[in-house]
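The values are calculated or read from the model by the stated rules, or taken from the named source; none is laboratory data. Nothing here was measured: the structure is a model prediction, and the numbers come from that model. Methodologically, a virtual Cβ is constructed for each residue, glycine included, from the backbone with ideal geometry; neighbour enumeration extends over all protein chains shown.
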Amino acid sequence: MRIDVVTLFPEMFAPLEHSILGRAIEQGRLTVSYVNPRDFTSDRHRTVDDYPYGGGPGMVMKAEPIFLAVESVARPDSAVVLLSPTGRVFKQSIAAELATRDHLVLICGHYEGVDERVREHLATDEISIGDYVLTGGELAAMVVIDAVARLLPGVLGHAESASDESHSHGLLEYPQYTRPPEFRGWPVPERLLSGHHAEIAKWRRRQSLERTAQLRPDLMTSELLAELADDGTKKRGRRRRSTAEPATSAPAEPDTAVLADSTAPEGESPV
Ligand code: 4FV
């Protein structure tokens, strides 16, 4: 994959030269290069910004230097992504989508933003890394580059897998532990020390479900809620829940109350 970053501050991207990304770039699994709109100005002051029409605070980045900078690297199949608070909010599925592209051009705004004609007539996509305002799009571009690059083949060594991590299955990741088996009196869950992989996988799945339900109920689909509600005791016929629920009823909509159990007064332990 090739990524061209359109930015007035290429020096801000030094962090990409380190660790996993640095290695990926060294190994040529990813090429990152920088195009500075200032190099596409024709006035002696090399002007890249100007006062906003209609007045108001701050400066706006001029359209032309950005258009010329992008056009100097873009190809017909390039994804030209404007980083801005009005973009679609970045998440793992978007990272996976961008990781399938051969060429990304990331436009980093600065000051109050970029001339609207960049969004309307140049960008093919617009991404926000979150509902807050940055001083520039550079940090947002680095977040996107990091999240996309680690999904590229060979970037993550076998030790670092992108397979079952938070958000890769729409769930938060299960708790991770490593040696020692007990630290300051805090033990590692027995299940993890059992070496019983099927049991460990079950425990991890349940942990992910419970954690997501607790911390990110917005991520819980009805399927995940059903899976969470079915703590597997049903099959063994041992009923956990009160017997009120008619046996024959179709698997009840997951009892979201379960999820709220963490707050349930009567102290019934959550699943
Ligand atoms: C931003 C975000 C962001 C807006 C004005 C740069 C700033 C300044 N970009 N996700 N949130 N951009 O705040 O991507 O030009």
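Listed by first and then second residue, the pairs with beta-carbon distance under 8 Å, at least 6 apart or on different chains, first residue in segment 111-140 and among the polar types (S, T, N, Q), second away from the ligand (no atom under 11 Å from the Cβ) and assigned to a loop (DSSP other than H, G, I, E, B), are 124/78.
Matching residues to (1) of a type in the set (Phe, Trp, Tyr); (2) under 28 Å from residue 91 (Cα atoms); (3) at pLDDT below 50:
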residue: 206; (1), (2), (3): no, yes, no
residue: 211; (1), (2), (3): no, yes, no
residue: 218; (1), (2), (3): no, yes, no
residue: 249; (1), (2), (3): no, no, no
residue: 260; (1), (2), (3): no, yes, yes
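Looking for something modelled with pLDDT of 90 or more and within 17 Å of residue 167 (Cβ to Cβ) - is there at least one such residue anywhere in segment 229-240? No, because not a single residue in segment 229-240 is modelled with pLDDT of 90 or more and within 17 Å of residue 167 (Cβ to Cβ).
For segment 195-213, which residues satisfy the criterion of being farther than 12 Å from residue 227 by Cα, in a helix (DSSP H, G or I) and of a type in the set (Gly, Ala, Ser)? Hits for segment 195-213 are 198, 201.
Quick one: which of 133, 143 is touching a strand residue (DSSP E or B) at 6+ places or on another chain (Cβ under 8 Å), of a type in the set (Val, Ile, Thr), surrounded by fewer than 17 Cβ atoms within 10 Å (Cβ to Cβ) and over 26 Å from residue 42 (Cα atoms)? Steps first, please.
Numbers: 143 fails: touching a strand residue (DSSP E or B) at 6+ places or on another chain (Cβ under 8 Å).
From the options 133, 143, the qualifying one is 133.
Taking the conditions (1) in contact (Cβ under 8 Å) with a residue 60 or more places away in the chain; (2) in a strand (DSSP E or B); (3) surrounded by fewer than 19 Cβ atoms within 10 Å (Cβ to Cβ) in turn, residue 52 satisfies each one other than (2).
Take the residues in segment 93-124 that are in a strand (DSSP E or B) and within 12 Å of the ligand (Cβ to nearest atom); name whichever of them is farthest from residue 52 (Cα to Cα). Break it down into steps so the answer makes sense when it comes.
Our first condition is that a residue be in a strand (DSSP E or B); within segment 93-124, this holds for 103-108, 110, 114.
This time we only want the ones that are within 12 Å of the ligand (Cβ to nearest atom), so: 106-108, 110, 114.
On the way: 106: 23, 107: 19, 108: 18, 110: 13, 114: 10 Å.
Checking each candidate, the answer is 106.
Residues in segment 151-173 that are surrounded by fewer than 16 Cβ atoms within 10 Å (Cβ to Cβ) and modelled with pLDDT of 90 or more: 152, 153, 154. Scanning segment 67-92 for residues that are touching a Ser or Thr at 6+ places or on another chain (Cβ under 6 Å) and β-branched (Val, Ile, Thr), which turns out farthest from the ligand (Cβ to nearest atom)? Here the answer is 80. On inspection, residue 62 does not qualify as under 16 Å from residue 149 (Cα atoms) and either more than 15 Å from the chain's Cα centre (by Cα) or within 15 Å of the ligand (Cβ to nearest atom) (or both). Do we find that residue 9 is surrounded by 12 or more Cβ atoms within 10 Å (Cβ to Cβ), within 14 Å of the ligand (Cβ to nearest atom) and touching a residue at least 60 places away in the same chain (Cβ under 8 Å) in this structure? Yes: the conditions hold for residue 9. Regarding residue 25, is this residue over 15 Å from residue 142 (Cβ atoms) and assigned to a helix (DSSP H, G or I)? So residue 25 does not fit the description; no.
Output the residue which, of all residues in segment 125-152 that are over 23 Å from residue 56 (Cα atoms), near the ligand (Cβ under 6 Å from one of its atoms) and of a type in the set (A, V, I, L, M), is nearest to the chain's Cα centre (by Cα). That would be 129.
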